[in-house]
Amino acid sequence: MPYHKFKCSECIPEREKHAVVKGPGEDLTSALPLGYLNTIPGSISERGCAYCGAKHVIGTPMKDVIHMSHGPVGCTYDTWQTKRYISDNDNFQLKYTYATDMKEKHIIFGAEKLLKQNIIEAFKAFPDIKRMTLYQTCASALIGDDINAVAAEVMEEMPEVDIFVCNAPGFGGPSQSGGHHKINIAWINQKVGNVEPKITSEYVINYVGEYNIQGDQEVMVDYFRRMGIQVLSTFTGNGSYDDLRAMHRAHLNVLECARSAEYICNELRVRYGTPRLDIDGFGFEALSSSLRKVGLFFGIEDRAQAIIDEETARWKPELDWYKERLKGKKVCLWPGGSKLWHWAHAIHAEMGVEVVSVYTKFGHQGDMEKGIARCEEGALAIDDPNELEALEAMEMLKPDIIFTGKRPGEVAKKLRVPYLNAHAYHNGPYKGFEGWVRFARDIYNGIYSPIHQLSFIDISKDEISTDTKFLTQKMISDVNLSEEVACSKDLREYTGKYETITALRNKTYPDFPAQKKLSVV
Amino acid sequence: MQCEVKNKERAGVINPILTCQPCGAQYASIGIKECIGIVHGGQGCVMFVRLLFSQHFKESFELASSSLHEDGAVFGATHRVEEAVDVLLMRYPHVKVIPIISTCSTEVIGDDIDGVVLKLNNGLLKEKYAGREVHLIPIHSPSFKGSMVSGYDVAVKDIVSHFAKKDKPNGKINLFTGWVNPGDVTAIKHLLSEMQVDATVLFEIESFDSPLMPDGNSVSYGNTTIEDLTETADALGTIALNRYEGGQAAQYLENEFDIPTIIGPTPIGIRNTDIFLQNVKKMTGKPIPASLVRERGIALDALTDLTHMFFADKKVAIYGNADLVIGLAEFCLDLEMKPVLLLLGDDNTSYPDDPRIKALQANVSFQMEVIMNADLWELENRIKNEGLELDLILGHSKGRFISIDYNIPMVRVGFPTYDRAGLHRHPVVGYAGATWLGEEMANTLFTDMEYKKNKEWVLNVW
Amino acid sequence: MEDMMKDRVEQLVDYIMKNCLWQFHSRAWDREKQNEGILTKTMQILCEEPVEKETPMDKVHWVDAVCLADAFKEHYSWLAALDKGEIKLLMQGLKERMDYLTITGSLNAELTDPHY
């Protein structure tokens, strides 16, 4: 097994099997790190907790819901305003967060009464909102409050409201992934099947594992609508609580982030016979093939093809402008879970960059299988990386850019490695054809930043050019380009706007007359 | 018409103003050199606090977790603290100080972190790390008590009491800054240096604002040394700028080592800075130099241009850490403004006894509310449903949507201020802080006048 | 001959690994169904044989098979020179290799977890 030994982790032998390099002749049966195991205490891992996986990642993107955490105030505060999952109802779920504010006396005497009072207060404060999710925390789990019973009691007394209970305390699992799992299963067990939707199309899908980061969901839903498809629900970005209770009525589950949401797709398949189609919203090739598959499923592949042709013609020359300038640049692809496989091959094939390393904070071995499968030979794959390993890897690999989270990005900055936010994006959305160009543009701007170049100069030692008073990205990137490519009329820089989502919200869509009568169930 | 002090009436919290105790303990921990704290609890208690610090400072700080998982929550997890200490010491050979910070989960399950520290001191440290200076400091900061403010206060006290040891007088003063920014430390050290006063500043966090260097250094760090902390027992006096952030540690030094102690006032605004300098003078016998008279004059000159023309009668709401809120309110009053709503973000029951709050009650002649245990809904609800009209909000970034949604200009101040660039670099204390705050408020109001076309032409001839 | 077959199987495996996700469902029994369903249908399409696509499960496999067959034809020109028998043999080899890589030889310890 081609394990990679980090010098900094020689003293913790348990780490040995968590990093591999896929060498020549290696495949997944010989190169796969361990994954999703308990974290080594004190290793300064980047992992979060199961509560955040449930509340912060999957729960809160649901837009028309009061998201209340039953516990002390910190869990709530800490997982509030650190994400960019927007919604078309003025970001209600981003703006408001609720804690029952459990104190010492509640720890001793129980906090169920406090919880009930909180629920009533919150509904009173927001009279237009009738849906709520309650999140257990470490404290409320350990004192054994029966949150389900309190929720049932309130629903009995207030028939107009509906409450979902998610029991995923912070300690429940090796990482945030434990919470993804728990909230998936809780949702299908408690809520799916108890609302019957209005069916408006012959083609009905759930869009699953999509969190509307900077508008990703709205970009993808735009394509589906242009194909005449009804997106019954989105799990969960920009998703509506009641729509998600009707997930059982879709014909197809279109799954994006399998890491966080394959559980519910698998259960829907078992319980309701709904097939699961895994797709990629990132990358021209993968996205085209994804749209085509959804089209094929419904026999409307011509509509998919029309979109693919139109979008490719519009955006490909811009993607290729960046590809010419990003060729051979080394990337550390260090996200949380799914982006390592969503992006690994697509950025290599379509932007020309070399993925020298992938890592996953909270992924499982299944994510590493996909990620490593999509990498070229020689890539270093790390499971549950820690601070020192990341530093050692960056020093060894000398990447030109790193895609990771906000805080690790600050670590990279000090090594003079530019970073892009892999979770929240820099200037997203990154999904869709235009989004993919936006991603390429951000990578390009990161790598060829004139200010970044200055950080390599030591004014006390180095010769300082007195002629150069400024540089542009293009002056730096085009130095080694052939005249033909540099001045190509077929290629162009990104021409889109800073903000692209509002226009989608105001769009009208073609009416596709139904072939057969729709059953209103 | 008067100042009314009361508690939030609702039981729960909608949009909290402060986070919980472990965050405060972690903020203290990162101020110490060669120190990495271990938070005993779930991983989120560390990961998100590190994220919060990195949002505020645009820097990364090192903090470790004992990574409490299910088995630990059921059977106890002190062994994970032992492992964490060992792993940390093995991999970070420079580390000398390890605060062990408890959380709600590990307090509820009753993990005995003092016992673990004792065990490690007598076992692992003697056997495996003999000859290495290592300090393990248990800090009890359960999230279900107090807030990040009390967590900071408790941690500073526990850290100081661990190290403070009487030797010979060092002629310095101890200066507890409270929960401030690097810019504040710079401003305070400047004042002390002008007065030629030698001080141990707790904590030395100017180095949080770390550079991007040609050789590539990797992390931001605090710079308070073990020696600094040890010497606190030898000081000629202690000044704690904030009552609720460092006050306990100051009190401890006074009780334990008879060190003369002055707590407060938070030196925000001209008057509070005057008092601070007066206190330093009293404690050290050093005169206030002409240079500071001049500096004060520059600040007064700047503020005089603004007060009755622009600030007079402007209604302000202020939220955040209590010391900061009170200091800002006092400054606003001197600037002729009306701080009509003060939101103190935790349930400290001693707030009503704070002489500064009593002074507000005794002297304010307009309607003013001080809400204890407040959340941001106390502010928003008053604006949205109860007709509160405001000209300005002073507070941290978590309240940004109130400003945005209700079109009320807001000056970011306190912690965290992630939605504005570089604020940690600017002081709010001292004369420099008074000038910066005053001008920031004015410029914010000016921008708002222009944006709303509300007498924007006034500025033509100002 | 055997070497050439092996090399061609590896080319197809490489395409699937880099571009597809269907082979990586989370449990062994699902992977078996996916490999069987999609690769069989891909073979049928390549051999111009009729393909079952009436049930939703068949249809979703067929969808992936259509795209895979097209991609194979586009990327591997040698495919056009094969007769049906050779294609069947090739696809059989591919199926065996995929089963090995993703199921029987897989190091993923979660494949046998009885729950999702």
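The values are calculated or read from the model by the stated rules, or taken from the named source; none is laboratory data. Since this is a predicted model, take the numbers as computed values, not measurements. Methodologically, a virtual Cβ is constructed for each residue, glycine included, from the backbone with ideal geometry; neighbour enumeration extends over all protein chains shown.
Test C:Trp62 against the stated conditions and say whether it is aromatic (Phe, Trp, Tyr), within 13 Å of chain A (Cβ to nearest Cβ) and over 15 Å from the mean Cα position of the chain (by Cα).
no
Across segment C:107-116, which residue is farthest from A:Gly25 (Cα to Cα) among those that are at the interface with chain A (Cβ under 7 Å from one of its Cβ atoms) and in contact (Cβ under 8 Å) with a residue 24 or more places away in the chain?
C:Tyr116
Looking at C:Leu79, C:Leu107, which is the one that is part of a loop (DSSP other than H, G, I, E, B), touching a helix residue (DSSP H, G or I) at 6+ places or on another chain (Cβ under 8 Å) and under 25 Å from A:His348 (Cβ atoms)?
One residue alone meets the criteria, C:Leu107.
Which one of these does A:Ile447 not meet: (1) within 21 Å of the chain's Cα centre (by Cα); (2) in contact (Cβ under 8 Å) with a residue 24 or more places away in the chain?
For A:Ile447, the failing item is (1).
If you check A:Ala168, A:Ala152, A:Ala139, which single one turns out to be over 17 Å from A:Thr76 (Cα atoms) and not β-branched (Val, Ile, Thr)?
A:Ala152
Can you tell me which residues in segment A:28-43 are within 27 Å of the chain's Cα centre (by Cα) and either modelled with pLDDT under 95 or away from chain B (no Cβ under 14 Å) (or both)?
Result: A:Leu28, A:Ala31, A:Leu32, A:Pro33, A:Leu34, A:Gly35.
Have a look at B:Asp405, B:Asp448, B:Asp419 and point out the one that is modelled with pLDDT of 95 or more and either crowded, with 22+ Cβ neighbours inside 10 Å or in contact with a Pro (Cβ under 8 Å, 6 or more places away or on another chain) (or both).
B:Asp448
Would you please name the residue that is nearest to A:Arg407 (Cα to Cα), looking only at residues in segment A:358-372 that are under 16 Å from the mean Cα position of the chain (by Cα) and among the β-branched types (Val, Ile, Thr)?
For segment A:358-372, the residue satisfying everything is A:Thr360.
Which members of segment A:356-377 meet the condition of being assigned to a loop (DSSP other than H, G, I, E, B) and of a type outside the set (Lys, Arg)?
A:Phe362, A:Gly363, A:His364, A:Cys375, A:Glu376, A:Glu377
Name every residue in segment B:122-150 that is away from every other protein chain (no Cβ under 14 Å), within 26 Å of B:Leu241 (Cβ to Cβ) and of a type in the set (A, V, I, L, M, F, W, C), in order of residue number.
B:Ile137, B:Ile139
Could you please let me know if B:Val39 is closer than 19 Å to A:Ala139 by Cβ, more than 7 Å from chain A (Cβ to nearest Cβ) and surrounded by 24 or more Cβ atoms within 10 Å (Cβ to Cβ)?
So B:Val39 fits the description; yes.
Name the residues in segment B:84-99 that are surrounded by fewer than 19 Cβ atoms within 10 Å (Cβ to Cβ) and at the interface with another protein chain (Cβ under 7 Å from one of its Cβ atoms), would you?
Passing the criteria: only B:Met90.
For A:Gln117, which of the numbered conditions (1) facing another protein chain (nearest Cβ under 7 Å); (2) under 27 Å from B:Ala64 (Cβ atoms) fails to hold?
Every listed condition holds for A:Gln117 apart from (2).
Do you know which residues across segment A:16-34 are under 29 Å from B:Pro93 (Cβ atoms) and either small (Gly, Ala, Ser) or touching a Phe, Trp or Tyr at 6+ places or on another chain (Cβ under 7 Å) (or both)?
A:Glu16, A:Lys17, A:Ala19, A:Val20
Conditions first: (1) in contact with a Cys (Cβ under 9 Å, 6 or more places away or on another chain); (2) more than 9 Å from every other protein chain (Cβ to nearest Cβ); (3) closer than 22 Å to A:Ser289 by Cα. C:Lys84 passes all but one, so which condition is the exception?
Against the list (1) in contact with a Cys (Cβ under 9 Å, 6 or more places away or on another chain); (2) more than 9 Å from every other protein chain (Cβ to nearest Cβ); (3) closer than 22 Å to A:Ser289 by Cα, C:Lys84 comes up short only on (3).
Against the definition (charged (D, E, K, R), in contact (Cβ under 8 Å) with a residue 60 or more places away in the chain and within 14 Å of chain C (Cβ to nearest Cβ)), how does A:Asp383 come out, yes or no?
yes
Would you check if B:Glu231 is of a type in the set (D, E, K, R), assigned to a loop (DSSP other than H, G, I, E, B), away from every other protein chain (no Cβ under 14 Å) and within 19 Å of B:Ala28 (Cβ to Cβ)?
In short, no.
Only residues that are at the interface with chain C (Cβ under 10 Å from one of its Cβ atoms) and in a loop (DSSP other than H, G, I, E, B): list them for segment A:257-309, please.
Scanning segment A:257-309 gives A:Gly273, A:Thr274, A:Pro275, A:Ile279, A:Asp280, A:Gly283, A:Gly299.
Exactly one of (1) more than 10 Å from chain B (Cβ to nearest Cβ); (2) assigned to a loop (DSSP other than H, G, I, E, B); (3) buried (at least 24 other Cβ atoms within 10 Å of the Cβ) is unmet by A:Val57. Its number?
It fails just one condition, (2).
Just the residues that are more than 7 Å from chain B (Cβ to nearest Cβ) and surrounded by fewer than 23 Cβ atoms within 10 Å (Cβ to Cβ), please, taken from segment A:102-114.
Answer for segment A:102-114, where residues must be more than 7 Å from chain B (Cβ to nearest Cβ) and surrounded by fewer than 23 Cβ atoms within 10 Å (Cβ to Cβ): A:Lys105, A:Ile108, A:Phe109, A:Gly110, A:Glu112, A:Lys113.
Which residues, counting only those in segment C:62-100, are acidic (Asp, Glu) and touching a residue at least 40 places away in the same chain (Cβ under 8 Å)?
C:Asp64, C:Asp99
Please indicate, with yes or no, whether at least one residue in segment C:1-21 is within 20 Å of A:Gly371 (Cβ to Cβ), among the aromatic types (Phe, Trp, Tyr) and either more than 13 Å from every other protein chain (Cβ to nearest Cβ) or touching a Gly at 6+ places or on another chain (Cβ under 8 Å) (or both).
Looking for residues that are within 20 Å of A:Gly371 (Cβ to Cβ), among the aromatic types (Phe, Trp, Tyr) and either more than 13 Å from every other protein chain (Cβ to nearest Cβ) or touching a Gly at 6+ places or on another chain (Cβ under 8 Å) (or both), one finds none in segment C:1-21, hence no.
Let me spell it out: the conditions are (1) buried (at least 17 other Cβ atoms within 10 Å of the Cβ); (2) over 21 Å from B:Asn348 (Cα atoms), and A:Ala99 meets all of them except one. Which number is the exception?
(2)
On the phi > 0 side of the Ramachandran plot, in a loop (DSSP other than H, G, I, E, B) and within 14 Å of chain B (Cβ to nearest Cβ): does that describe A:Gly173?
yes
Quick test of your reading of the structure: C:Gln92 fulfils all but one of (1) crowded, with 16+ Cβ neighbours inside 10 Å; (2) more than 14 Å from chain A (Cβ to nearest Cβ); (3) of a type in the set (S, T, N, Q). Name the failing condition by number.
Unmet condition: (1).
What are the residues in segment A:103-145 that are closer than 18 Å to B:Cys45 by Cβ and β-branched (Val, Ile, Thr), if any?
Listed by number, the residues that qualify are A:Ile107, A:Thr137, A:Ile143.
Restricting the search to segment B:1-11, which residues are facing chain A (nearest Cβ under 7 Å) and either part of a helix (DSSP H, G or I) or without any contact (Cβ under 8 Å) to a residue 12 or more places away in the chain (or both)?
B:Ala11
Can you report the number of residues in segment A:280-303 which are touching a residue at least 40 places away in the same chain (Cβ under 8 Å) and acidic (Asp, Glu)?
2
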